[in-house]
Amino acid sequence: MSYEKVTQASDFIVGTKQTIKALQNGEVRELVVADDADPRVTGKVLQIAQERLVPITRVDSMKKLGKACGIDVGAATVAIKG
């Protein structure tokens with residue numbers, strides 16, 4: 001289900017640094033985080049999303065999340081803009 005949200009989204013950001021910037025600028029409608037990602041990578045993103053009351057959806061696999069974004073590598077976080 002959550003992978004479908006990413007595939008159907010017209011505007012999204014892949015990558016932790018870009019996601020943090022978008023969260024700080026108030027551009028993120030929803031955050032998708034892979035459960036198998038390193039907590040050191042996702043920790044700051046999750047903290048900012050919670051502070052800014054951005055809904056967080058969890059998925060099980062970085063590889064599947066990356067594939068849903070159309071990239072050949074895993075994705076720890078994806079920000080759906082809106």
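The values are calculated or read from the model by the stated rules, or taken from the named source; none is laboratory data. The shown structure was predicted, so the numbers you read here are calculated from the model rather than taken from an experiment. Because the Cβ atoms are built from the backbone with ideal geometry, glycine has one as well, and the counts that use them run over all protein chains shown. Protein only, heavy atoms only, side chains kept; ligands, DNA and RNA dropped before computing areas. Shrake-Rupley method; radii C 1.70, N 1.55, O 1.52, S 1.80 Å.
The numbered conditions (1) under 16 Å from SER2 (Cβ atoms); (2) open to solvent by less than 60 Å² (accessible area, probe 1.4 Å) are all true for PRO55 except (2). Quick check: anything in region 7-23 open to solvent by less than 70 Å² (accessible area, probe 1.4 Å) and on the phi > 0 side of the Ramachandran plot? Within region 7-23, one or more residues are open to solvent by less than 70 Å² (accessible area, probe 1.4 Å) and on the phi > 0 side of the Ramachandran plot.
Restricting attention to region 40-52, report how many residues are open to solvent by 20 Å² or more (accessible area, probe 1.4 Å) and in contact (Cβ under 8 Å) with a residue 12 or more places away in the chain.
The number of residues fulfilling the criteria is 4.
Could we say that VAL32 is in contact with a helix residue (DSSP H, G or I) (Cβ under 8 Å, 6 or more places away or on another chain), loosely packed, with under 12 Cβ neighbours inside 10 Å and modelled with pLDDT of 95 or more here? Can you show your working first?
Details: in contact with a helix residue (DSSP H, G or I) (Cβ under 8 Å, 6 or more places away or on another chain): yes; loosely packed, with under 12 Cβ neighbours inside 10 Å: no; modelled with pLDDT of 95 or more: yes.
Criteria not met by VAL32.
The number of residues in region 36-55 that are more than 10 Å from THR77 (Cβ to Cβ), in a loop (DSSP other than H, G, I, E, B) and either touching a Gly at 6+ places or on another chain (Cβ under 9 Å) or aliphatic (A, V, I, L, M) (or both) comes to 4. Once region 58-73 is narrowed to residues that are in a loop (DSSP other than H, G, I, E, B) and small (Gly, Ala, Ser), the residue that is surrounded by the fewest Cβ atoms within 10 Å (Cβ to Cβ) is GLY70. Of all residues in region 17-35, those that are part of a helix (DSSP H, G or I) and more than 8 Å from the chain's Cα centre (by Cα) total 7.
Answer yes if at least one residue in region 9-19 is among the small types (Gly, Ala, Ser) and in contact with a strand residue (DSSP E or B) (Cβ under 7 Å, 6 or more places away or on another chain), and no otherwise. Even if it seems obvious, please write down each step before you answer.
Of region 9-19, the ones among the small types (Gly, Ala, Ser) are 9-10, 15.
From the residues that got through so far, the ones that are in contact with a strand residue (DSSP E or B) (Cβ under 7 Å, 6 or more places away or on another chain) too are 9.
Within region 9-19, one or more residues are among the small types (Gly, Ala, Ser) and in contact with a strand residue (DSSP E or B) (Cβ under 7 Å, 6 or more places away or on another chain).
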